[in-house]
1. Relative contact order for the chain: what is it in percent, counting Cα pairs under 8 Å that are at least 6 residues apart?
2. Just to check, using Stokes-Einstein with a Kirkwood Rh over alpha carbon pairs, what's the diffusion coefficient of the range 100-185 at 20 °C and 1.002 mPa s in µm²/s?
3. If you compute Cα extents along the principal axes in Å for the structure shown, which of (1) 50, 38, 32; (2) 45, 39, 30; (3) 54, 39, 37 do you land on?
4. So, in Å, what gap is there between the alpha-carbon centers of the range 49-107 and the range 213-227?
5. Rounded to the nearest 500, what is the chain's calculated 222 nm mean residue ellipticity when only DSSP H runs of at least 4 contribute -39500 (n - 2.57) each, over all residues?
């Protein structure tokens, strides 16, 4: 499942736990490629909404992934994708996408499709990959697994500060409500629910900066023998 010559640092956790920024920092420090696995799910959600599909209708979603062309690309050590030749960019961070992505992620056929794509990104080289099932499903054989968490209120504040005015969220409470719904869906879905991977180190980032968390992970990797 994992080429012994390719190193994967798996960073999992719920929405706005800091894993994106931390994974970016770790990738930059190590010279690895960065992969945001959630962006792939948001990309399919963006495509479904753009075509006017009902994201809760699994048959429509399955038909979509069977007919669309999704390709991985690696640019400046960031792995991203195109769908039917188009890069969705920041559109995948809009409120409609954020509200519907859990519907898409709950479809087992979507998860199977994207797990295959995410594993294939190892062809680009060493990875720092973040998501919700990297250490449990995508790269369970990775020796370097971390699970980030934080208080829901802190996570909502972080996410609100990240969002642009075009996102559609009016205040931090709306973001907290959205995160709470997302957490419920992610932890209770039948297909690869959010959980702590066996052997993962749990890091509570509530009172830590992203730089603090990244430095902690880098120190752990150095102690494990990785050049960092």
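Values in this text are rule-based calculations from the coordinates and carry no lab data. Not measured: the values here are computed from a predicted model.
1. This gives 33 percent for the chain.
2. Answer, rounded: 142 µm²/s.
3. Answer by label: (1).
4. So the two Cα centres are separated by 33 Å.
5. -14000 deg cm²/dmol
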